[in-house]
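Notes follow once the structure below has been shown.
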Amino acid sequence: MRLATWNVNSVRARLDRVLAWIDRSDVDVLALQETKCKDEQFPEQAFRDAGYEVAHHGLSQWNGVALLSRVGLEDVSTRFSPDVPAFGDPAVVEARAVGALCGGVRVWSLYVPNGRGLDDPHYAYKLLWLEELRRAGASWLAQDPGAQVALVGDFNIAPQDEDVWDVDVFAGATHVSEPERAAFRGLLEAGYADTVRPFAPGPGTYTYWDYTQLRFPKRQGMRIDFVLGSPALQARVTGATIDREERKGKGASDHAPVVVELDPNA
DNA sequence: ATGGTTGCTCCGCAA
């Protein structure tokens, strides 16, 4: 079974490219982030025609997450906890998570808040959101240590110095701050491992390149998209790739798809 | 040449 995550940065602007990528990547489950549309605007039929069941959660032109699966899509939820932090006035739980049982794996497509700046209210919100995710993730494994759970998506955190092209450039910025990295470590300590890094080690291995400043051709990126797996899921991982090719050319998302191969017999 | 983006929606904001 092939499981992938991809921040597509608008599913409508990139539909042809997403369909083409699905076709050649042969994924069974694809988690999308930043679909940038409401449910009624999501091109559900195009993915159904490609053979996938669809769960989308979008409330506005911002955020938006989806799961596509051709190995079953059951028990869909848009809240990983009853206490997912809300943001704004009025406070709203944003469209940043959708989970479902796909082929025996509980998959969560996650779009972690950006944070914007260390003194921005979005930064505190980001840390709260991550802490609630950690709490929820830990509780699932406390209930069932053998659960196959995948927390996948755009975490908007570069956990290690080598996950950015020049750590000095990010001094005082989000994505690399110690509280964010501690929040990410909290997920690891709860039992979820980075299933991709062993197969795609750094330095210089990234999943995102800013559109500006010619970051992609200069190979100046960030590793901020992850497939975190529970122990039972980790045991099934036989390989992983970051599809850097997909970042090339006209009309590319600023993020590359991240793919994990799972042993079907485990 | 010292810059060089994209998507949404409406001309600013978010990333």
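Descriptive notes on the structure:
- Restricting the calculation to Cα atoms, segment A:28-176 shows an Rg/Rh of 0.99 when the hydrodynamic-style radius is the Kirkwood one.
- Theoretical ellipticity at 222 nm over chain A - DSSP helices of four or more residues, -39500 (n - 2.57) apiece, nearest 500: -6500 deg cm²/dmol
- Max-minus-min Cα coordinates of segment A:187-249 on each principal axis give 40, 22, 17 Å, with the largest extent listed first.
- Taken over segment A:1-88, the convex hull of the Cα atoms encloses 101 Å³ per residue.
- The alpha-carbon positions of segment A:108-220 define a convex hull whose volume is 108 Å³ per residue.
- Taking a sphere under 11 Å around the Cβ of residue A:196 and counting the other residues whose Cβ falls inside, with K and R at +1 and D and E at -1, yields a net charge of -1.
- Length released on extending from residue A:143 to residue A:118, taking residue separation times 0.36 nm less the Cα-Cα span: 5.5 nm
- When the Gaussian network model of chain A links Cα atoms closer than 10 Å, the mean-square fluctuations of A:171, A:235, A:13 top out at A:171.
- Cα-based Rg and Dmax for segment A:68-139, where Dmax is the largest Cα-Cα distance (Å): 13.7, 43
- Protein accessible area in chain A, 1.4 Å probe - carbon and sulfur %: 49
- The equivalent ellipsoid of segment A:38-110 has semi-axes of 23, 16, 6 Å, largest first, where each one is the square root of 5 times an eigenvalue of the Cα gyration tensor.
- Total formal charge among the other residues, if their Cβ is under 12 angstrom from that of residue A:226, Lys/Arg +1 and Asp/Glu -1: -2
- Only Lys, Arg (+1) and Asp, Glu (-1) charged, at Cβ; chain A dipole about Cα centre in debye: 460
- The GNM of chain A, with springs linking C-alpha atoms under 10 angstrom apart, assigns the highest mean-square fluctuation among A:19, A:127, A:151 to A:19.
- Additional length obtainable on full extension of the chain from residue A:62 to residue A:235, 0.36 nm per residue less Cα span: 58.7 nm
- Value of D in µm² per second that Stokes-Einstein yields for segment A:157-211, Kirkwood Rh from Cα pairs, at 20 °C (1.002 mPa s): 177
- In whole percents, the pair-distance distribution calculated for chain A from its alpha-carbon pairs, binned every 5 Å from zero, is 1, 6, 14, 19, 21, 18, 13, 6, 1, 0.
- Sparsely packed chymotrypsin sites (Phe, Trp or Tyr not before Pro) within segment A:1-55, loop by DSSP, other Cβ within 10 Å at most 14: none
The values are calculated or read from the model by the stated rules, or taken from the named source; none is laboratory data. Computed from a prediction, not measured in an experiment: that's the story for all the values here. Note: ideal-geometry Cβ built from the backbone for every residue, glycine included; neighbour counts use all protein chains shown. Remember, those area values only see protein heavy atoms, side chains included, never the ligands or the DNA or RNA. Shrake-Rupley method; radii C 1.70, N 1.55, O 1.52, S 1.80 Å.
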